[in-house]
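Each remark here refers to the structure printed beneath this line.
We did not get these values from a lab; they are worked out from the coordinates using the rules stated. Just so it is clear, the structure is predicted and the values come from calculations on it, not from any experiment. Here the Cβ positions follow ideal geometry from the backbone for every residue, glycine too, while neighbour counts run over all protein chains shown.
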Amino acid sequence: MDKDLLSMAERWVELDLEKRELKGKLNKIESEMKDMEESLAEAMEEAGVQNMKIKGLTIHIIHEIYASPKRAEDETIDEAHQRAYLKLIDYGYDNVGGIRINHNSLSKVVREMIEESGDLPDDLKEVIEVSETTKVGTRLS
C-alpha cells in the first residue's frame, strides 16, 4: 500500500475521532447552558440587569414575541388565518398576507402594537395567539 495513502487515511481517522470527541463536549456544554438559561434570565431581570460584560463577552436578555392565528375548535387553519387577517385589516394592517398569514409579519405587527400600547386590543386577542419567550444571548464585547 502507498505510504502517502496510509498516512492520509490515518490522519483522516484521527481527525474524525477528534471531531466526535469535540461534538460530545459541545453537546454537553449546550445542554448545561440550556438548563441554566431560564434561571439566569430570571436572576438578571430580578436584579434589573439587561446585560453584563464578562471575560470579553456580553451576555444579554432577549425578549421574543411570536404570534399566530388562533384557531377555534371547529375551524380550519385557512379559516383561522382569514379571520385574523380580516380583523387586522380593521386596524390598518393589510400587509401580513391574505388567506395565509405570514407568521413573521404577524409577529412583527403584534410586537409593534404591544410596544405602542402595551397590549393587544381584546378583539385581536380573540383571533391571535401570542407567546413570549425570554432567552439569554451572548456577543463579543
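Listing for the model above:
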| read-out | value |
| --- | --- |
| ³J(HN,Hα) computed for each position of the stretch 102-111 - Karplus, 6.51 cos²θ - 1.76 cosθ + 1.60, integer Hz, glycine/proline x | 6, 4, 5, 5, 4, 4, 5, 4, 5, 4 |
| Built amide H within the under 5 Å cut-off of Lys70, gap 5+ | Ile128, Glu129 |
| The chain - percent relative contact order, Cα under 8 Å, separation 6 or more | 32 |
| For the stretch 117-127, 3J(HN,Hα) per residue [Karplus equation, 6.51 cos²θ - 1.76 cosθ + 1.60, θ = phi - 60°, Hz, x = Gly/Pro] | 10, x, 6, 7, x, 4, 5, 6, 4, 6, 10 |
| Globularity ratio of the stretch 3-48, using Cα Rg and 2.2 N^0.38 Å | 2.09 |
| DSSP-assigned coil residues among GluC sites (Glu not before Pro) in the stretch 57-103, each with at most 12 further Cβ atoms within 10 Å | Glu73 |
| Candidate values (i) 243; (ii) 205; (iii) 110, label of the one derived for volume of the Cα convex hull per residue in Å³ | (i) |
| Partner lysines for Lys135 [C-alpha distance under 26 Å; skip if fewer than 8 residues away on the same chain] | Lys23, Lys25, Lys28, Lys34, Lys53, Lys55, Lys70, Lys108, Lys125 |
| HN-Hα J in Hz across the stretch 31-43 - Karplus 6.51, -1.76, 1.60, θ = phi - 60°, x for Gly and Pro | 5, 5, 5, 4, 4, 9, 4, 5, 5, 5, 4, 4, 5 |
